[in-house]
Amino acid sequence: EVFYNVHHIFLTKNGVYLLVFDTRELLIEAKRAEALKYITFWLRSIKLHAPQQPMLLVGTFLSDVDYHNGLRVANETLEGFITDQYPQICRNEADNLVFYPIDNREQIGVVRLKNSIEKLIRDENTQREIPLRWIVLLDEIIKRKSSSSYLNLSEVRELAFEAGLTSSGELEEALTLFHERGSLVHLKSTAVLNEFVIIKPQWLITNISKLIRDKSLHPFNPKEIEAAGLGDDLQLLLDKSLVTRDFLSFVWNSSELPFMLDFMQHGLLLSRWTSDKYLVPSLLHPAPENIQGSGLKCVFDFSKTFLPTGVFERLICLCVANARSTDNISLYASYGSLSLNLSTGGEKRQVAIDLEEKKESNQIVLFVKEPKLASNCFFAVQSMIRKLNADVMREGLVWNVYLENESGRMIDLEAAKAQSITPWFNTDVQDIPEQKAVDLASFLGGL
């Protein structure tokens, strides 16, 4: 689950999706809930990042399932569970099932599945005529996979020139298409990221996992790290979820470090803590049971759809990046107590807040310590959620806002606006306009 924060990088709005699960687990009562949780996560994620793309559900281990009764139970479980929330699911009309049962060992159902995929691809409105020289360029890039995980943009320019591309604009258009179709990864949000054309996505996953990992499954090698003189750095990462620049230089080689650091920061997977340390919020420890936020409440409610894994962690990243000081900050996996550096009365000042993620109810709750600054805090956090929705979640997040009035009652945002509920709305503080195309530093400076 530690990788749930990063899978969106590889989900594209182009293509056909297969969601593969173990059919047997739907038939075992002790495993059914966990199997449905897994299926739900991926259904929601695909709907969030590729809402229009067709999806096929594929159940494996068919030969271990009673062909009639077992398939019927599995299908009824999925039908009742999915209802009409996911119209992009393509049914298995031949078997009158919502999923495609297959068995890889016995090759049962595989041909039917392949035929369905090919038909969907032919029917999809994704075909586009492109110059033959683009195909030549892509072929030349793919040839480099045997010896390289990525190419520098200058190398790709040379290949493009040899393939006959006539301008940098044409090359950018070709790389955008190859990225959208999943042939490579080319990120352009910063100058450093733009210089890398990743031709092996596994390289990116491997480098991320050198830092973000499930410690119970893939522990760090303490002997190797101690030998490098980084034992204290490792302990800091394990205890406080803070990583030093020296530790990053150890896990990523010098040529990759600028890219990975830029990638992690602009993907809101880590945030600068001090001049030589970074916070990795996905590695934060669970909060003690007795810790909870206090103050005037504002609820960001995502229950109309869902609150994806990683949104709260990225919100913490933005808050830490905005904070002028890391003194008196208390952070856990679903809780944060810190101060925002906000413009109030024409000057910047530190404003204390608490943030809580309530996973069961799909909510993020903002607690404001100083009621007279409630509007400043609300507009700042709201703009941060908008920013990460635009930059990371592809505008897929949907939420409602509820504000606590002076009597302790929660009122929805539109009603609160209409009634000019104090202290959330006043003439001195205006909503911060959406800044989707603004770089991170400029965005934070404008809060």
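Assigning unit charges at the beta carbon (Lys, Arg +1; Asp, Glu -1) and nothing else, what dipole magnitude in debye, to the nearest 20, does the chain show about its Cα centre?
On the way: 47 positive and 58 negative charges, 30 e Å.
Dipole about the Cα centre, nearest 20: 140 debye.
Can you tell me the FRET efficiency between ASP276 and ARG157 if r is taken as the Cβ-Cβ distance and R0 is 22 Å, rounded to the nearest 0.05? Please report the intermediate quantities before stating the final value.
Working: r = 35 Å, r/R0 = 1.58.
Efficiency for this residue pair is about 0.05.
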Check: Which angle between 0 and 90 degrees, to the nearest 10, do you get for helix 374-391 versus the longest principal axis of the chain when only C-alpha atoms count?
Finding: 20 degrees
Checklist line | 5 angstrom amide H check on THR344, placed H, neighbours 5+ away | finding: ARG349
Check: Using 1/(1 + (r/R0)^6) with R0 = 22 angstrom and r between the beta carbons of ASN253 and TYR4, what's the FRET efficiency to the nearest 0.05?
Finding: 0.25
Next item on the list: Could you work out how far helix 153-163 tilts from the main Cα principal axis of the chain, as a 0 to 90 degree angle to the nearest 10?
Entry: 30 degrees
Next item on the list: Measure up LYS37/LYS359; LYS31/LYS304; LYS47/LYS304; LYS348/LYS372; LYS13/LYS358; LYS215/LYS240 against 21 Å on the Cα-Cα distance and list the ones that go over.
Entry: LYS31/LYS304; LYS13/LYS358
Note to self: Using the Cα centre of the chain as origin and beta-carbon charges of +1 (Lys, Arg) and -1 (Asp, Glu), tell me which of PRO201, THR40, MET410 is placed farthest towards the positive end of the dipole.
What the structure shows: MET410
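Run lengths n ≥ 4 of DSSP H only: what is the helix-derived mean residue ellipticity at 222 nm for the chain, with -39500 (n - 2.57) per run over all residues, to the nearest 500? All intermediate terms of the calculation are to be shown ahead of the outcome.
Values: 17 runs with 179 residues, N = 447.
Rounded to the nearest 500, it is -12000 deg cm²/dmol.
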Checklist line | ³J(HN,Hα) computed for each position of region 332-340 - Karplus, 6.51 cos²θ - 1.76 cosθ + 1.60, integer Hz, glycine/proline x | finding: 9, 4, 10, 8, x, 10, 7, 10, 8
Next item on the list: List the residues whose amide H sits under 5 Å from the amide H of TYR335, counting only those 5 or more places along or on another chain, with H placed 1.01 Å from N in the peptide plane.
Entry: GLU357
Checklist line | LYS143 versus LEU18: modelled label distance in nm, points set 7 Å from Cα along the beta carbon direction | finding: 3.0 nm
Next item on the list: Considering only TYR150, TYR67, TYR278, give the residue with the highest GNM mean-square fluctuation for the chain, with springs between Cα atoms whenever their separation is below 10 Å.
Entry: TYR67
Notebook entry, point to check: For helix 231-240, what angle does its Cα long axis make with the longest principal axis of the chain, in degrees from 0 to 90 and rounded to 10?
Noted result: 80 degrees
Notebook entry, point to check: Quick one: putting +1 on the C-beta of Lys and Arg, -1 on the C-beta of Asp and Glu, what dipole do you get for region 298-416 around its Cα centre, in Debye to the nearest 20?
Noted result: 260 debye
Next item on the list: Just the number, please: carbon plus sulfur as a percent of the accessible area of region 3-66, 1.4 Å probe, no ligands or DNA/RNA counted.
Entry: 55 percent
Next item on the list: For region 175-310, just run the numbers: alpha carbon Rg, then divide by 2.2 N^0.38 Å, N being how many residues it has.
Entry: 1.25
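On full extension of the chain, what length is gained from GLN235 through ASN328, given 0.36 nm per residue of separation minus the C-alpha to C-alpha distance? Don't jump to the answer; show the numbers that get you there.
Details: separation 93, 0.36 × 93 = 33.48 nm, distance 2.07 nm.
Computed gain between GLN235 and ASN328 is 31.4 nm.
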Next item on the list: Could you tell me what percent of the accessible area of region 131-176 is made up of carbon and sulfur, with a 1.4 Å probe and every protein chain present?
Entry: 51 percent
Next item on the list: Go through CYS298, MET260, SER334 and say which Cα lies farthest out towards the positive end of the charge dipole of region 237-392; charges sit on Cβ, +1 for Lys and Arg, -1 for Asp and Glu.
Entry: CYS298
Next item on the list: Identify which of the listed values of Kirkwood radius over Cα pairs in Å was calculated from the structure shown: (1) 24.7; (2) 25.8; (3) 22.9.
Entry: (1)
Note to self: Between ARG122 and TRP203, how high is the FRET efficiency from 1/(1 + (r/R0)^6) when r is the Cβ-Cβ distance and R₀ = 25 Å? Nearest 0.05.
What the structure shows: 0.20
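Averaged per residue, what accessible area in Å² does the chain show with a 1.4 Å probe, protein chains only?
Numbers: 22130 Å² over 447 residues.
Result: 50 Å² per residue.
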Next item on the list: Run the dipole for region 10-154 about the Cα centre, Lys and Arg Cβ at +1, Asp and Glu Cβ at -1, nothing else charged, and hand back the magnitude in debye, nearest 20.
Entry: 640 debye
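The values are calculated or read from the model by the stated rules, or taken from the named source; none is laboratory data. Not measured: the values here are computed from a predicted model. Counting neighbours? That spans all protein chains shown, and the Cβs are built from the backbone with ideal geometry, glycine included. Keep in mind that these areas ignore ligands, DNA and RNA; they rest on the heavy atoms of the full protein, side chains included. Shrake-Rupley method; radii C 1.70, N 1.55, O 1.52, S 1.80 Å.
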